[in-house]
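Here's the structure we're looking at; comments come further down.
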Amino acid sequence: MPHEPIHLDRLNPLSTLARFGAGLARPECVACTAAGNIWVSHHAPDGGGVVQLTDSGPSHQVIARNGAPDDFMPNGWAMEPDSFLIANLADSGGVWRLRMDGSCEPFLTEIDGFPMPPVNFVHRDNRGRVWSSVSTWRVPRDRAFHRDVADGFIVLTADGQDRIVADGLGYTNEVKVDPRGEYLYAHETMSRRLSRYRIERNGLGPRETVVEYLDGVIPDGFDFDEDGGIWCASVMSNRLVRVAADGAQQILIEDCDAEEIAGGMHNWRTGTFTRDDMDIGSRHSLRNIASVTFGGPDRKTVYLGSLAGDSLITLRSPVAGAEPPHWRY
């Protein structure tokens, strides 16, 4: 039986959202499993890695103690059956495999003979293929915070080979294969759109625009629901947006000041957008939400990660999230 359509009044208002966990540092990316495990990225002075959460805070920490670069900064990451593949957003860049004992080893540190820049996200699909997104070649990354810069790319690791399968993206952020395994979806943060590529035998087809986002939406993370919807976390405006299968957009929650957002959008249009604009959301209670993930036994509990918070934000959804590749781990 199909789920009922989502309506704004079916979701909790901002005042009733709950916080989950405590004592986190830059909890940017979250992953949940059928066993009830909740893992989140953690970047603390004593080292970067992931932590397992309970209601009261971290219950288990897997921190890179041996082998990781000194500046290791976990950003987006993917689960393997016995380890984690972590996108290192620090200047040292690359994708690293973090094992449960805290040992860390390189997974992808160069491409086409060049060192991998800071990596934004890594996704392991149901077939074991690994997709890594790089936002830009520019150093520092803030130099790519412009709508007319499009040097982001995506690397596919499969069959023992690493190769760039898509480029020319406007600040590549999260990338995920859809639940049917037909398309690779990609958020382009500074182009403010969701794109997709049909997965073909020898790589990816041409880029297709799924949606250009509403004014004020600076897309970061996303996830799929069982009704064909895609949920987007907007980092600047602390908006949670659902894109329906027909492309219609609905703002489910938001935590921002209209004048601040208008100023940020003016700067985006005029090419003067900076880190200060991106960080507008950190001054509000949702603290620059950056990711959205479904969990709980029915996958109807939504977890929002953030760049500036010390806990996760949760809410209940009337529609379940699609089963992710790591759900049975």
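The values are calculated or read from the model by the stated rules, or taken from the named source; none is laboratory data. Worth saying up front: this structure is predicted, and the values here are computed from it rather than measured. All Cβ positions, even for glycine, are placed from backbone atoms using ideal geometry, and neighbour counts span all protein chains on display. Side chains are part of the model used for accessible areas, which takes the heavy atoms of the whole protein and leaves out ligands, DNA and RNA. Shrake-Rupley method; radii C 1.70, N 1.55, O 1.52, S 1.80 Å.
Ranking E208, E259, E80 from most to least accessible surface, computed with a 1.4 Å probe over the protein chains only, gives E259, E208, E80.
At a probe radius of 1.4 angstrom, the accessible area of region 67-210 per residue rounds to 42 square angstrom.
In order along region 92-101, the Karplus-derived 3J(HN,Hα) couplings, from 6.51 cos²θ - 1.76 cosθ + 1.60 at θ = phi - 60°, round to 5, x, x, 10, 10, 9, 9, 8, 4, 8 Hz, and Gly and Pro are given as x. Per 10 Å bin from zero, what fraction in whole % of the C-alpha pairs of region 93-248 is there, up to the bin with the longest pair? That works out to 10, 41, 35, 13, 1, in percent per bin.
When the surface is traced with a 1.4 Å probe over the full set of protein chains, H60 keeps roughly 80 Å² accessible.
Taking amide H as placed 1.01 Å from N in the peptide plane, I111 has its amide H under 5 Å from the amide H of M116, each at least 5 places away in sequence or on another chain.
Only protein heavy atoms count here; on that basis, with a 1.4 Å probe, C256 has an accessible area of about 40 Å². Sequentially through region 33-45, phi angles give Karplus couplings (6.51, -1.76, 1.60; θ = phi - 60°) of 10, 4, 6, x, 6, 10, 10, 9, 5, 8, 10, 10, x Hz, Gly and Pro residues having no value and appearing as x.
Overall form of region 193-275: oblate. Here a/c, set by the Cα gyration tensor axes a ≥ b ≥ c, is 1.5 or more, and a/b is not larger than b/c. Loop-located trypsin sites (Lys or Arg not before Pro) in region 198-234 (DSSP state other than H, G, I, E, B) with a sparse environment of at most 14 neighbouring Cβ atoms within 10 Å: R201.
If I take R0 = 41 Å and measure r between the Cβ atoms of D82 and D257 in this structure, what FRET efficiency does the formula 1/(1 + (r/R0)^6) give, to the nearest 0.05? Please report the intermediate quantities before stating the final value.
Working: r = 45 Å, r/R0 = 1.09.
The computed FRET efficiency comes out at 0.35.
Tell me whether the chain comes out rounded, prolate or oblate; compute the Cα gyration tensor, take square roots of the eigenvalues as a ≥ b ≥ c, and use a/c under 1.5 as the rounded threshold. It is rounded, given that a/c, with a ≥ b ≥ c, falls under 1.5. Taking the Cα centre as origin and putting +1 on Lys and Arg beta-carbons and -1 on Asp and Glu beta-carbons, what dipole magnitude results for region 77-214, to the nearest 20 debye? Magnitude of the dipole: close to 320 debye.
Any idea what the dipole of the chain comes to, in debye rounded to 20, about its Cα centre with Lys/Arg Cβ at +1 and Asp/Glu Cβ at -1?
Numbers: 32 positive and 46 negative charges, 65 e Å.
Charge dipole of the chain: 320 debye, to the nearest 20.
Taking only protein heavy atoms and a 1.4 Å probe, the accessible area of the chain is 45% carbon and sulfur.
Can you give the FRET efficiency to the nearest 0.05 for R283 and L214, using r as the Cβ-Cβ distance and R₀ = 30 Å? Before the final figure, lay out the partial values.
Details: r = 21 Å, r/R0 = 0.70.
Once rounded, the FRET efficiency stands at 0.90.
The N126 and R163 beta-carbon pair, evaluated with R₀ = 25 Å, returns a calculated FRET efficiency of approximately 0.80.
Of interest is the spacing of the C-alpha centroids, which for region 243-301 and region 158-200 amounts to 21 Å. For region 253-263, putting each phi into the Karplus relation 6.51 cos²θ - 1.76 cosθ + 1.60 with θ = phi - 60° gives couplings of 9, 7, 8, 7, 10, 4, 5, 4, 5, 4, x Hz, in residue order, rounded to whole numbers and with x for Gly and Pro.
Ranking I164, G203, N126 by how far each Cα lies toward the positive end of the dipole of the chain (charges on Cβ) leaves N126 at the top.
Once all protein chains are placed together, S191 keeps about 30 Å² accessible to a 1.4 angstrom probe.
Computed over the chain with a Gaussian network model linking Cα atoms closer than 10 Å, the most mobile of V175, V292, V319 is V319.
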